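Below is one structure, written out as structure tokens, with a few remarks after it.
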Amino acid sequence: MNLALYREFRPRNFDEVVGQDFIIQTLKNQIKTDKLTHAYLFCGPRGTGKTSTAKIFARAVNCTHSTDGNPCNMCAECVALNEPNTDIVEIDAASNNRVEEIRDLREKVNFPPLIGKYKVYIIDEVHMLTDSAFNALLKTLEEPPKHVIFILATTEIHKLPATILSRCTRFDFKLLPMNTLVEHLKSVFDKKQIKYDEKSLHLIAKAGEGSVRDMLSVADSVASFCNYDITYENTEKVIGLSNKDSIKNILLSIANNDINNLFASIKMAIGTGKNIQVLCKEMADFIKNLVLIKVGVNDYTILDILPGEFSTYLDISNKFSIDYLKRAFSKFASIELDLKYSLNPENLFESACLELINSLPTQAQNALTPEPTKAAQPTQPAQPTPPAEPIQHETQKVEPKAQTEIERLWGNVLIKVKENNMFALFNALKNVNKVEGIANKLIIHTNDLSSYEMIDNPDRLGVLCKLANLFDESVHAVEILYDKDTASTQDIKDNLKEVFKNKIKFKE
Ligand SMILES: Nc1ncnc2c1ncn2[C@@H]1O[C@H](COP(=O)(O)OP(=O)(O)OP(=O)(O)O)[C@@H](O)[C@H]1O
Ligand SMILES: [Mg+2]
Ligand SMILES: [Zn+2]
């Protein structure tokens, strides 16, 4: 049975929101002194309270018996606003991201509220709006009717245009520290009369990695597995079981083209009640490590693995080509958000794995051509030197060494971008499909239009050039090309107008 603790324990007033003290105090003060602004931006990592706070705020500004800025949850307004209603409009920008939807919103905002003083529009995952939808939203944000408050929420603040940012009062939700998570978990378990020991509490809180929702999802799995009497041994089993071992099994089944085993491995991974979105994120992280190892990274701290785990990663990475791993990485990174909104996340995850098995022929083909990027590790036994000159001549023609160096250089640039906390750029760079070195220029290709638009900026290209130059002095420029041929037709159709407007360069 799944308890869905995170649903049951959604905070209903400001005082129940854990950890975001500064934000909560500021919002309460604004309500108490009636100094509201008409657009708020709630940003920060997932599962830290953005949507919950937005909903509390929407009731609080309309509550007629509010105390200390909190909604009373009892007055007619609070009760009506707690049910589905027309005055609190939640828009999920992940699925309603087109300009038509925002135009529709612009018409509807003019109607006055039916229940209380304010209509509140909560636009979740606002970074998913298209450029034209952003422009339409901007017009509304410039002159909103007095009875309207917008709350935009996002996990990816860097994807928002500056014009939107400058019109909102911004609040940054933070990941929660361990002790706050432990305290919160304790109170949830006590209220549910679930038995636990201190060590298990810490282990579960740690697995949440700062997110209350992720922590409560893990707590759900552990509690069900332990039949509500949590022991450390069982906690370890559930948390340990669902992570790397399952991912390893899934990847090995894919490598062996073994569909039966693949389904069995997926079942084992999620059979413990593991949150599929978390599993998918871990899968993407795992594959990212495989890519990094392929390009020669062997620093445990960069890979964020234990020293003893390196050989396992290396073994698995040797079963795939780098292109294949890159594709697998972007697949899992891209379905992570879809999983959150999917009615059947299990199917979505399984179909992503199946798609990877189906694309194995390319991988097999790659395996026939010796991989130039077998990162030479100190632990690897030395390969006997092949004596055959003609073969060497053959290989020199296609210059595999040059490409290896470029892949390695690119891997190092990516690491530097991440180390310097340029997350926006890092995320966009994940969509780079190909890197070429021509003369002293590094040319990167992407078929993702929004990543292209993000990267194609003189400052950002300049930063990339500087970073590349750290590793290879001969690099004097970095250029990005948008590969429209490989972009999906839908993308192209959707963006055709913007393409011409923004004078985007296409690869010839
Ligand atoms: N600060 C918090 N205090 C108490 N509970 C929280 C907090 N943050 C998250 N939760 C728990 O996680 C659940 C989801 O939280 P919420 O939807 O507010 O997160 P979010 O920041 O909007 O996440 P996302 O970015 O994924 O949309 C809540 O129902 C609640 O159980
Ligand atoms: Mg949310
Ligand atoms: Zn009320």
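Remarks
Listed here are the residues, each with its yes/no results for (1) within 25 Å of the chain's Cα centre (by Cα); (2) assigned to a loop (DSSP other than H, G, I, E, B).
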site	(1), (2)
TYR6	yes, no
GLY19	yes, yes
PRO45	yes, yes
SER52	yes, no
THR64	no, yes
VAL79	no, no
GLU90	yes, no
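- Test for ASP15: is it assigned to a helix (DSSP H, G or I), surrounded by fewer than 20 Cβ atoms within 10 Å (Cβ to Cβ) and among the acidic types (Asp, Glu): yes
- Residue count for the stretch 8-46, restricted to those that are away from ligand 2 (no atom under 16 Å from the Cβ) and of a type in the set (Gly, Ala, Ser): 1
- Contact map, the stretch 414-440: first residue outside the structural domain of SER330 (by TED's automatic domain parsing) and among the acidic types (Asp, Glu), second residue assigned to a helix (DSSP H, G or I) and crowded, with 17+ Cβ neighbours inside 10 Å, Cβ cut-off under 9 Å, separation 6 or more or different chains; pairs are GLU436/ILE406.
- Looking only at the stretch 26-54, residues that are of a type outside the set (A, V, I, L, M, F, W, C) and within 16 Å of ligand 1 (Cβ to nearest atom) come to 13 in all.
- Being within 16 Å of ligand 2 (Cβ to nearest atom) and buried (at least 16 other Cβ atoms within 10 Å of the Cβ) is a condition met by at least one residue of the stretch 57-79.
- Filter result for the condition that a residue is under 20 Å from ALA328 (Cβ atoms), under 21 Å from the mean Cα position of the chain (by Cα) and in a loop (DSSP other than H, G, I, E, B), over ILE247, ILE305, ILE287: ILE305
Quick grid of which residues meet (1) outside the structural domain of ASN344 (by TED's automatic domain parsing); (2) of a type outside the set (Asp, Glu); (3) buried (at least 20 other Cβ atoms within 10 Å of the Cβ):
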residue	(1), (2), (3)
ALA223	yes, yes, yes
ALA255	no, yes, no
ASP285	no, no, no
GLU309	no, no, no
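- Given (1) in contact with a Pro (Cβ under 9 Å, 6 or more places away or on another chain); (2) surrounded by 14 or more Cβ atoms within 10 Å (Cβ to Cβ); (3) not acidic (Asp, Glu), number of the condition ASN110 does not satisfy: (2)
Here's the yes/no breakdown for (1) within 16 Å of ligand 3 (Cβ to nearest atom); (2) hydrophobic (A, V, I, L, M, F, W, C); (3) at pLDDT below 90:
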{"site": "ASP131", "(1), (2), (3)": "no, no, yes"}
{"site": "GLU143", "(1), (2), (3)": "no, no, yes"}
{"site": "PHE150", "(1), (2), (3)": "no, yes, no"}
{"site": "ASN179", "(1), (2), (3)": "no, no, no"}
{"site": "ILE204", "(1), (2), (3)": "no, yes, no"}
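The values are calculated or read from the model by the stated rules, or taken from the named source; none is laboratory data. These numbers were taken from a predicted model, which means no experiment stands behind them. For neighbour counting, all protein chains shown are included, and Cβ atoms are generated from backbone atoms with ideal geometry for every residue, glycine included.
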